[in-house]
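Trainee: Take this structure first; my questions come after.
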Amino acid sequence: MFGKTIKIKKCRACASTSIKTFFDLGAHPLANRLLKNPSEREERYPLSLSFCLECCLAQLNHTVPPKKLFSKYIWVTGTSKGANIFALKFCEQLLSKQKFSKNSFVFEVASNDGTFLRPFQNKGFRVLGADPAKNIVEMARKKGIPTERMFFGKSAAKKIIGKYGKADIVFARNVLAHAADTRDFIEGLKEVLSDDGILTIEVHYGGDILNGLQYDSIYHEHLCYFTLKSVERALNEFGLHVFDVSRGPISGGALIVYARKWKGQEASSVKKSRREEARKKINNFQTWRVFAKLAYNHRDKLSAMVNWQTSRGLRIAGYGASARSSTLLNFCRLNNHQILAIGDSNKLKQGLYTAGSHIPIYSAEKMLFLSPDIIFLLAWNFKDEIINTLKNKFNYKGGYIIPLPYKPKIIKK
């Protein structure tokens, strides 16, 4: 059963009609639409990528209505130890860019449970989050983080200004790629930002997606796959100028850009990143076409690896029922015939089944009770954190399948 989508006719960021399709992953269910029962009927949606020859943005060809994706959400930032640690560092890095008074107003778009606003609140800043998911907004409010429930754009920005005023610090982590209307979203960011404020945007970096062959990051929520060049071009169109960049550890490699409403001196990191992208040809169409070809080869190798383990009688369980794991499992045609269950620390996911592959999701304890010989590390981008937890907290001594980055590999007992 296929769900309704809107197919793009022009680039989401620069509105150019010079877009070319280069990667078709087939029809997939929504990554975060977990099932209560594996026999439920599921809608599937086209999942394919185009490249804009004008601004070099890789992007999905089809848009699923945002209300289907984000009105109820199951990713909770605070469940990740790594995210909690990075939230503190993120706060310090942002505040180091310029001096802010204690009366400064900090606004986060797609704030989830407020994990990244908490450090600013603890320093005495006035904070506000905005998120479209009702269950997540309620969670944030219970934690004492003021949060408005809304889809963000220019209209929403005006509502925020009318109620709270303009923000001195605006940040949007891993959400620009989710915006169905990229241009309206950026215009909203500019609107809500004070004239001398700082805008910080974090995106899963296209360079890391290419270098690590991270095709599992492609799913319906992620409409765009930004590089520094493409995000700069998008911001420049609305009078926003990047003055610094840094890297983040979340999502398998993130790019963090810092921008203002006025042109000023650029940090050396900006020029260095531009040179690096040019050297690696990250913004070349041919590079992304090669990426697609390598992804198909990787799919075949990973599927063969998993099936070889099961043919030998080994019991395989997974860990990390992440959105990206949905693409990995469905693209590689892996399901509950090969994988017994998936452990996950997020209680909102436990007791449900994965989209398309119909694998039961358990707590780590219940998953390990099945005595797996090997664990398929689906949330491989949190590899060190997960392996340490399984080893030190649960005394797991078996092996691991690490699907990415780049080549799939097995870590033995």
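Trainee: Any idea how many residues of the range 1-59 are among the acidic types (Asp, Glu) and at pLDDT 95 or above?
Mentor: So the count comes out to 2.
Trainee: Hey, another quick one. Filter the range 171-180 for residues that are out of contact with any Ser or Thr (no Cβ under 6 Å at 6 or more places or on another chain) and closer than 20 Å to ILE218 by Cβ; which is surrounded by the fewest Cβ atoms within 10 Å (Cβ to Cβ)? Before you say what the answer is, go through the steps one by one.
Mentor: Pass one, the range 171-180, residues out of contact with any Ser or Thr (no Cβ under 6 Å at 6 or more places or on another chain): 172-179.
If we keep only those that are closer than 20 Å to ILE218 by Cβ too, we end up with 173-179.
Values: ARG173: 26, ASN174: 20, VAL175: 22, LEU176: 25, ALA177: 23, HIS178: 22, ALA179: 23.
The residue in question is ASN174.
Trainee: Residues being under 30 Å from LEU352 (Cα atoms) and outside any loop (DSSP other than H, G, I, E, B): count how many of those fall in the range 24-58.
Mentor: Looking only at that region, the number is 13.
Trainee: Determine, yes or no, whether ASN297 is more than 23 Å from the chain's Cα centre (by Cα) and at pLDDT 95 or above. First the steps, then the outcome.
Mentor: On the way: more than 23 Å from the chain's Cα centre (by Cα): yes; at pLDDT 95 or above: yes.
Judged against the criteria, ASN297 is a match.
Trainee: For the structure I just gave you, tell me whether SER230 is hydroxyl-bearing (Ser, Thr, Tyr), in a helix (DSSP H, G or I) and under 30 Å from SER326 (Cα atoms).
Mentor: yes
Trainee: Just give me the residues in the range 204-227 being closer than 17 Å to SER325 by Cα and assigned to a strand (DSSP E or B), in sequence order.
Mentor: Across the range 204-227, the qualifying residue is only HIS204.
Trainee: Regarding ALA304, is this residue aliphatic (A, V, I, L, M) and either assigned to a helix (DSSP H, G or I) or under 19 Å from ASN381 (Cα atoms) (or both)?
Mentor: Judged against the criteria, ALA304 is a match.
Trainee: Among the listed residues GLY129, GLY124, GLY162, GLY114, identify the single one that is surrounded by fewer than 24 Cβ atoms within 10 Å (Cβ to Cβ), of a type in the set (Gly, Ala, Ser) and in contact (Cβ under 8 Å) with a residue 12 or more places away in the chain. Full working, then the answer.
Mentor: Details: GLY129 fails: surrounded by fewer than 24 Cβ atoms within 10 Å (Cβ to Cβ); GLY162 fails: in contact (Cβ under 8 Å) with a residue 12 or more places away in the chain; GLY114 fails: surrounded by fewer than 24 Cβ atoms within 10 Å (Cβ to Cβ).
When all the criteria are applied, what remains is GLY124.
Trainee: Which residues, counting only those in the range 139-179, are touching a helix residue (DSSP H, G or I) at 6+ places or on another chain (Cβ under 6 Å), farther than 25 Å from SER101 by Cβ and of a type outside the set (A, V, I, L, M, F, W, C)?
Mentor: ARG149, GLY153, LYS154
Trainee: To continue, here is another question. Every residue in the range 1-33 that is under 18 Å from PHE291 (Cβ atoms), over 21 Å from the mean Cα position of the chain (by Cα) and aliphatic (A, V, I, L, M), please.
Mentor: ILE19 - this is the single residue of the range 1-33 that is under 18 Å from PHE291 (Cβ atoms), over 21 Å from the mean Cα position of the chain (by Cα) and aliphatic (A, V, I, L, M).
Conditions tested, residue by residue: (1) closer than 30 Å to CYS56 by Cβ; (2) within 20 Å of the chain's Cα centre (by Cα); (3) assigned by TED's automatic domain parsing to the domain that holds ALA323; (4) modelled with pLDDT of 95 or more.
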position: GLY162; (1), (2), (3), (4): no, no, no, yes
position: ASN174; (1), (2), (3), (4): yes, yes, no, no
position: GLU187; (1), (2), (3), (4): yes, no, no, yes
position: VAL192; (1), (2), (3), (4): yes, no, no, yes
position: ILE198; (1), (2), (3), (4): yes, no, no, yes
position: ILE201; (1), (2), (3), (4): yes, yes, no, yes
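Trainee: Could you tell me whether GLY253 is at pLDDT 95 or above and either in contact with a Cys (Cβ under 8 Å, 6 or more places away or on another chain) or on the phi > 0 side of the Ramachandran plot (or both)?
Mentor: On the way: at pLDDT 95 or above: no; either in contact with a Cys (Cβ under 8 Å, 6 or more places away or on another chain) or on the phi > 0 side of the Ramachandran plot (or both): yes.
Judged against the criteria, GLY253 is not a match.
Trainee: Given GLY212, GLY206, which one is under 19 Å from the mean Cα position of the chain (by Cα), surrounded by 21 or more Cβ atoms within 10 Å (Cβ to Cβ) and either in contact (Cβ under 8 Å) with a residue 40 or more places away in the chain or assigned by TED's automatic domain parsing to the domain that holds ASN381 (or both)?
Mentor: Of GLY212, GLY206, the one residue that is under 19 Å from the mean Cα position of the chain (by Cα), surrounded by 21 or more Cβ atoms within 10 Å (Cβ to Cβ) and either in contact (Cβ under 8 Å) with a residue 40 or more places away in the chain or assigned by TED's automatic domain parsing to the domain that holds ASN381 (or both) is GLY206.
Trainee: Moving on to the next point. Just wondering, is there one or more residues in the range 291-309 that are surrounded by 23 or more Cβ atoms within 10 Å (Cβ to Cβ) and either in contact with a strand residue (DSSP E or B) (Cβ under 6 Å, 6 or more places away or on another chain) or without any contact (Cβ under 8 Å) to a residue 24 or more places away in the chain (or both)?
Mentor: Within the range 291-309, not a single residue is surrounded by 23 or more Cβ atoms within 10 Å (Cβ to Cβ) and either in contact with a strand residue (DSSP E or B) (Cβ under 6 Å, 6 or more places away or on another chain) or without any contact (Cβ under 8 Å) to a residue 24 or more places away in the chain (or both).
Trainee: Report yes if PHE51 is in contact (Cβ under 8 Å) with a residue 12 or more places away in the chain and surrounded by 14 or more Cβ atoms within 10 Å (Cβ to Cβ), otherwise no.
Mentor: Yes, satisfied.
The values are calculated or read from the model by the stated rules, or taken from the named source; none is laboratory data. This is a predicted model, so every value here is computed, not measured. Here Cβ is always computed from backbone atoms with ideal geometry, including for glycine, and neighbour counts include all displayed protein chains.
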